[in-house]
Amino acid sequence: MTSHNIGINVSRETLEKLERFASLFQKWASTINLVAPSTKADLWQRHIADSAQIFKIAPEPKHWIDLGSGGGFPGIITAILLTESKQGRVDLVESNHKKASFLRTAIAETGARAAVHPIRIEEAQKKLPDCDAISARALADLSQLLVFAEPWAMRNPSLRCFFHKGRDYQAEIDKARGRWDFDLVIHRSAIEADSVILEVSSVRRRSQPAQGAE
């Protein structure tokens, strides 16, 4: 087996599950658009190791909801890593039925601690009313992500959100501050020099938008 560095220490069994997922991903990605074609060749660093950074930040078992799961990043990676402790789970919200089929197959073949929900994010809160944490990657800007997260944040004041962001993250933060109050920890990416993971908590909508907010 090829040795891959994902930035955290995992058992051989877990690495084998990640290998199995990678193989399955490459097979499916040849027929459906799971990630940008230009990034498929660097699957391990650009997608798997990048996704694993969330688990490194928050490794304790919890109930995750992964929004817009797409090709499984970061949700499936988190769910595979949770198999080490045999605790916690990830609910994957993906409205595209072809991608949802891929995610179901990935869960079946890796034993990932996850379930797939082929519904729109706006409908997910009714079916999945509670969670400890939310993740999303390459889905929407921070303001829209906070709109998505708000129903769960209202039910769980200790909710933590983990959002991968690229080089324009500060502009997204500034825009979101116009309409939202939230606590923020910025984790620098170990994979992409200009990228970060935004850890957002205490999300609450402002009663009045800040002056100049869009």
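The values are calculated or read from the model by the stated rules, or taken from the named source; none is laboratory data. Please read these numbers as outputs of a predicted model, since none were measured by experiment. Here Cβ is always computed from backbone atoms with ideal geometry, including for glycine, and neighbour counts include all displayed protein chains. Note: accessible area is taken over every heavy atom of the protein model, side chains too, but ligands, DNA and RNA are not part of it. Shrake-Rupley method; radii C 1.70, N 1.55, O 1.52, S 1.80 Å.
Odds and ends about this structure:
- Relative contact order of the chain: 17 percent, from C-alpha pairs under 8 Å at least 6 residues apart in sequence.
- When 135, 143 are compared by accessible surface with a 1.4 Å probe, the order from highest to lowest is 143, 135.
- Rg ratio (alpha-carbon, reference 2.2 N^0.38 Å) - the range 128-184: 1.09
- Debye, to nearest 20: dipole size of the chain, +1 on Lys, Arg Cβ, -1 on Asp, Glu Cβ: 340
- The chain - percent of accessible surface contributed by carbon and sulfur, probe 1.4 Å: 46
- Over the range 56-214, the fraction of Cα-Cα pairs per 10 Å bin, rounded to whole percents and listed from the shortest bin up, is 11, 40, 36, 11, 1, 0.
- DSSP bridge orientation in the chain - percent antiparallel, rounded to nearest 5: 45
- Surface accessible to a 1.4 Å probe, residue 10 within the full protein complex, Å²: 50
- Within the chain, helix-based [θ] at 222 nm, where runs of 4 or more DSSP H residues each add -39,500 (n - 2.57), nearest 500: -11000 deg cm²/dmol
- Kyte-Doolittle at least -1.0, axis length at least 15 Å by Cα - qualifying DSSP helices, the chain: 12-29, 97-110, 142-155
- Volume per residue of the C-alpha convex hull in the range 46-89, rounded to whole Å³: 62
- With 0.36 nm allotted per residue and the present C-alpha distance subtracted, the residue 127-residue 9 stretch has 39.1 nm of extension available.
- The slack between residue 108 and residue 201, meaning 0.36 nm per residue of separation minus the straight C-alpha distance, is 30.2 nm.
- Solvent-accessible surface (1.4 angstrom probe) belonging to residue 199, in square angstrom, nearest 10: 30
- Residues 31, 105, 83, sorted by accessible area with the largest first, give 31, 105, 83 [1.4 Å probe; ligands and nucleic acids excluded].
- Subtracting the Cα-Cα distance of residue 168 and residue 63 from 0.36 nm times their residue separation leaves 34.9 nm of extension gain.
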